[in-house]
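Structure record follows, encoded as structure tokens.
The values are calculated or read from the model by the stated rules, or taken from the named source; none is laboratory data. Please read all numbers here as calculations on a predicted model, not as lab measurements. Glycine also receives a Cβ, built like all others from the backbone with ideal geometry; neighbour counts cover every protein chain displayed. These area figures cover heavy atoms from the full protein model, side chains too; ligands, DNA and RNA do not enter into them. Shrake-Rupley method; radii C 1.70, N 1.55, O 1.52, S 1.80 Å.
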Amino acid sequence: MKAVGEGTLKVWNSLDEVVARLQEAKKALVIGHVMPDGDAVSSVSGLTMILNRIGVHAVGCIADEVPWYFCSLPGAGEIVRPVQLQGKAFDTTITVDASDLARIGDATDLLQEGMPDIMLDHHATNVGFGRLNHCDPHCAATAMIVQAIAERLVTIDRELAQSLLLGIATDTGFFRHANTDEKVLLSAAQLVGLGARIQPIATAALEHRSLSSIKLLAAMLNTIQVVEEGRLAYGQVNASMLEETGCTEEDTVGFVAEIHALHGVEVAILFIEASTGQVHVSLRSKSYVDVGRVATALGGGGHPRAAGCTLRPEHLEQVIDHVLTAVAKALRGCS
Ligand SMILES: [Mn+2]
């Protein structure tokens, strides 16, 4: 074990400890986070495959539906919802890519005493919420941690390699975000060498928009405001925009990147007013503002360059004011 963090009591278990515990499992449940992204789907399907291959009866579960466009990728279509597991017992529960317990949503009901046996993650804001905790912020994707587990337990075949490459490709923005380091490229190269292909992942993740989603994007682009001398840009998707275009919140995936594409902008923010009355806030930064820290202070979490939080305001403008104030303060602190 080694202690990490800035004066905190975070103590992470080693990957060897995690692997030893996985080898004791007979019936395992692998849980990913709500609003699943490529890394959540990849980590759940990859770890489920590994466990099944070493003779563990393993099933993957995510509280929200896996986006349809990922379901063509290996293992993704086999991930179930918590309701399909009622009455089933597991001796080993594992969460992957969830920075805190709330991120697994209704799947918490499947945990004994509200705690997973193993917590695997790569978010620097994670404080550990499992019996065994392994978090490595030096991994650009949780799928890379799962890949390291695979190397210790199985021979990685083409299907498993394809499943793991999804998380690495999507969490690095297809190898263009600041987290794309040598380790990322070596891990991805190894998977490609084993038969995995980037192209079906790019098609699934990047070329799935519906016409209504593109019309919603156009409406969002019209709301963009640029403040703080061009360094902060934000846009919104409000409830009436969703209603008028017939879209749901899932159709807004990738929208924040379009705001981030503005030249000279350091921080991009997207506010999404969900039908539940909650406002989901996505934050991205280019090079120096730690938006993970800002999001954590607002009750959310994430990475230095990509983070988010959910707030329940009286009205949307209230959240916008609140978040802009926090981000402007962080921006000025960096200048
Ligand atoms: Mn991730």
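Assorted remarks:
- Cα-based Rg / Dmax (Å) for the range 219-280: 11.9, 35
- Extension gain from R53 to Q190, taking 0.36 nm per residue of separation minus the Cα-Cα distance: 47.3 nm
- Evaluated at q = 0.16 Å⁻¹, the base-10 log of the normalised Debye intensity for the range 14-83, with identical point scatterers placed on the Cα atoms, takes the values -0.52.
- Note on surface exposure: T93, T245 rank T245, T93 by accessible area, highest first, 1.4 Å probe.
- Residues with amide H under 5 Å from that of N133, placed H, sequence gap 5 or more: N13, M119
- Charge dipole magnitude, Cβ of K and R +1, D and E -1 - the range 52-118, Cα centre, debye nearest 20: 240 debye
- The modelled label-to-label distance for the pair L262/V83, using points 7 Å beyond Cα in the direction of Cβ, is 4.0 nm.
- Reachable lysines, given that their alpha-carbon falls under 28 Å from the alpha-carbon of K88 and they are not under 8 places away in the same chain: K26, K27
- Dipole-positive endmost among G77, V281, S43 within the chain (Cβ charges, Cα centre): S43
- Rough spin-label spacing in nm, given labels placed 7 Å along Cα→Cβ, for Q318 and L206: 4.1 nm
- Selection of GluC sites (Glu not before Pro), the range 189-248, meeting DSSP coil and at most 15 other Cβ within 10 Å: E207, E229
- Here the chain is treated with +1 on each Lys and Arg Cβ and -1 on each Asp and Glu Cβ, and its dipole about the Cα centre works out to around 620 debye.
- Sum of -39500 (n - 2.57) over DSSP H runs of 4+, divided by residues of the chain (222 nm, nearest 500): -11000 deg cm²/dmol
- Residues A178 and E249, FRET efficiency given R0 of 25 Å [Cβ-Cβ distance, rounded to 0.05]: 0.40
- 3J(HN,Hα) couplings calculated from phi for the range 105-115 with the Karplus curve 6.51 cos²θ - 1.76 cosθ + 1.60 (θ = phi - 60°) are, in sequence order, x, 5, 5, 4, 4, 8, 8, 7, 6, x, 9 Hz; Gly and Pro show x.
- Considering only G235, G299, G130, the mean-square fluctuation computed in a Gaussian network model of the chain, springs between alpha carbons under 10 angstrom, is largest for G299.
- Computed over the range 211-334, the quotient of the alpha carbon radius of gyration and 2.2 N^0.38 Å is 0.98.
- Protection proxy ranking, highest mean first, for peptides 45-53, 75-83: 45-53, 75-83, where packing is the per-residue count of other beta-carbon atoms within 10 Å, averaged.
- Multiplying each eigenvalue of the alpha-carbon gyration tensor of the range 158-244 by 5 and taking the square root yields semi-axes of 34, 19, 8 Å, largest first, rounded to whole angstroms.
- Cα-projected label distance for S287 with M115, points at 7 Å along beta-carbon direction, nm: 4.4 nm
- Length released on extending from R158 to C334, taking residue separation times 0.36 nm less the Cα-Cα span: 58.9 nm
- Most simply put, the chain has about 45% antiparallel DSSP beta bridges, counting only bridges with both residues inside it.
- Largest accessible area first, the listed residues R158, R197 line up as R158, R197 when surface is computed with a 1.4 Å probe on the assembled protein chains.
- Solvent-accessible area per residue, Å², over the range 211-334 with all protein chains present [probe radius 1.4 Å]: 48 Å²
- Computed from backbone phi with θ = phi - 60° and the Karplus coefficients 6.51, -1.76 and 1.60, the 3J(HN,Hα) list for the range 249-259 is 4, 4, 6, 8, 4, x, 4, 4, 5, 5, 6 Hz; x is used for glycine and proline.
- Rg and Dmax, both from the Cα atoms of the chain and both in Å, are 19.6, 58.
- Sorted on the mean count of surrounding Cβ atoms within 10 Å across their residues, most packed first, peptides 20-29, 180-189 read 20-29, 180-189.
- Theoretical FRET efficiency, 1/(1+(r/R0)^6), r = Cβ-Cβ of E65 and V226, R0 56 Å, to 0.05: 0.95
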